[in-house]
Amino acid sequence: MNTEPITYKRNGVKVTMPAGFYGISQGHPTVYQYPKGHPCHGCPYTFQTNVPSCMFPARRDGGCFWHDLKKPEQTAPPKTARQEAADKVFAFIKVLEEVKKRKGYK
């Protein structure tokens, strides 16, 4: 068995394997963290690797699934007086229909 460490270059990076290495890593690599301010910082949908990664492919619009989930929900525009009046009328109609069912009318 070889007792010297094996050194080679992979993608321009020098890699050293200890003697007797058979492709099984004993240690845990440092997990890459996106910098603060990046949309993927703290995202649970990234792979636990030492390089930047994401489970979701890039979308055509350039958006991100996790970033969309973190956005606050858009608030509805304020209702006009007519819309509020109509909502009250429909709510009253529901109450009347409920009373009608309880009294036994069809």
Approximate spin-label separation Cys54-Lys36, in nm, with each point projected 7 Å along Cα-to-Cβ: 2.2
At R0 = 41 Å, how high is the FRET efficiency between Tyr45 and Ala81 if r is their beta carbon distance? Nearest 0.05 is fine. 0.40
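Bear in mind that the values in this text are calculations on the coordinates, not laboratory data. Owing to the predicted nature of the structure, the values given are computational and were not obtained by experimental measurement. Here the Cβ is made from the backbone with ideal geometry for all residues, glycine too, and neighbour counts use every protein chain on show.
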